[in-house]
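Read through the structure below, which is laid out as structure tokens, and then see the notes.
The values are calculated or read from the model by the stated rules, or taken from the named source; none is laboratory data. Everything numeric here is computed off the predicted structure, so don't read it as measured data. Positions of Cβ are backbone-derived with ideal geometry, glycine not excepted, and every protein chain shown enters the neighbour counts.
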Amino acid sequence: MSAAPNFGLQISRLGLGLFVGSRRLSISYKKRLSSWSGDLFANFSPVRALLLDAAPSFYVPNVPRYVANVGINSDIATRNGEHFSTYAYITFIGSKHMSQDGLVSVPAYSRVSGKIAYSWPSGWTAFAQSTWYPGDRTTEVAINFGPVTGATSADVFTAPQPGFAFLAGLTYRLPTSPGANGWLGPGALASR
């Protein structure tokens, strides 16, 4: 396993790595009616990223210990092929080791995201979305510019995220040629 620890520096060999993140607990409730569909979901993924042959180094830096999401999304058919859609969820990201020896770490944080959109069959969509960090906003982007082992908190630099961000706009989806089943795919490309 190799990585470039800092922009512009030589690639360093981290050693043989073990990544265990396939155990995932996911719960979802889906409901569909003729003009409405919705999901209520929750998932949790513990992550363990270890270095196996690099003692005294044990941890792959900047990998969260877990990621969890809880949220809801919905889609409502309004009229003439138009749709109103929403989603809202909160993400919990676990603490991260910033050095291979695990002496420096950044705390866990959470992020709340939401979006509403209205779409027309012509390809246009109007939307508004927002992101809010209810607690720590400094640990999502954290970089260790110090040594990979023996680093101190003074070696870790962060890029604070805005406490609240809002974006609104219009998008246009370019039309595509449908394949035999109505979807763009290998059959549609071969038939040209």
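(1) within 23 Å of residue 91 (Cβ to Cβ); (2) in a strand (DSSP E or B): which one isn't true of residue 137, the others all being true? All conditions are met except number (2).
Against the condition more than 24 Å from the chain's Cα centre (by Cα) and modelled with pLDDT under 90, how does residue 139 come out, does it pass?
Numbers: more than 24 Å from the chain's Cα centre (by Cα): no; modelled with pLDDT under 90: yes.
Against the criterion (more than 24 Å from the chain's Cα centre (by Cα) and modelled with pLDDT under 90), residue 139 does not qualify.
Within the stretch 145-167, the set of residues being free of Cβ contacts under 8 Å to residues at least 60 places away in the same chain and either buried (at least 17 other Cβ atoms within 10 Å of the Cβ) or touching a helix residue (DSSP H, G or I) at 6+ places or on another chain (Cβ under 9 Å) (or both) comprises 146, 147, 151, 156, 161. Residue 37 meets the conditions (1) under 27 Å from residue 125 (Cα atoms); (2) modelled with pLDDT under 90; (3) surrounded by fewer than 15 Cβ atoms within 10 Å (Cβ to Cβ) in every case but one. The failed one is (3). When the stretch 35-69 is filtered for residues that are under 25 Å from residue 118 (Cβ atoms) and not in a loop (DSSP other than H, G, I, E, B), the ones remaining, listed by number, are 36, 37, 38, 39, 40, 41, 69.
Out of 142, 108, 128, 88, report the one residue that is exposed (fewer than 15 other Cβ atoms within 10 Å of the Cβ), among the hydrophobic types (A, V, I, L, M, F, W, C) and in contact (Cβ under 8 Å) with a residue 12 or more places away in the chain.
Working: 142 fails: exposed (fewer than 15 other Cβ atoms within 10 Å of the Cβ); 108 fails: exposed (fewer than 15 other Cβ atoms within 10 Å of the Cβ); 88 fails: exposed (fewer than 15 other Cβ atoms within 10 Å of the Cβ).
Step by step, each of 142, 108, 128, 88 is checked, and only 128 is exposed (fewer than 15 other Cβ atoms within 10 Å of the Cβ), among the hydrophobic types (A, V, I, L, M, F, W, C) and in contact (Cβ under 8 Å) with a residue 12 or more places away in the chain.
Residue 177 fulfils the conditions (1) of a type in the set (Ser, Thr, Tyr); (2) surrounded by fewer than 10 Cβ atoms within 10 Å (Cβ to Cβ); (3) at pLDDT 95 or above except for a single criterion, (3). If you go through the stretch 116-125 and keep only what is in contact with a Leu (Cβ under 9 Å, 6 or more places away or on another chain) and either surrounded by 15 or more Cβ atoms within 10 Å (Cβ to Cβ) or part of a strand (DSSP E or B) (or both), you end up with 124, 125. Restricting attention to the stretch 42-68 and to residues that are among the polar types (S, T, N, Q) and surrounded by fewer than 17 Cβ atoms within 10 Å (Cβ to Cβ), the residue that is nearest to residue 27 (Cα to Cα) turns out to be 43.
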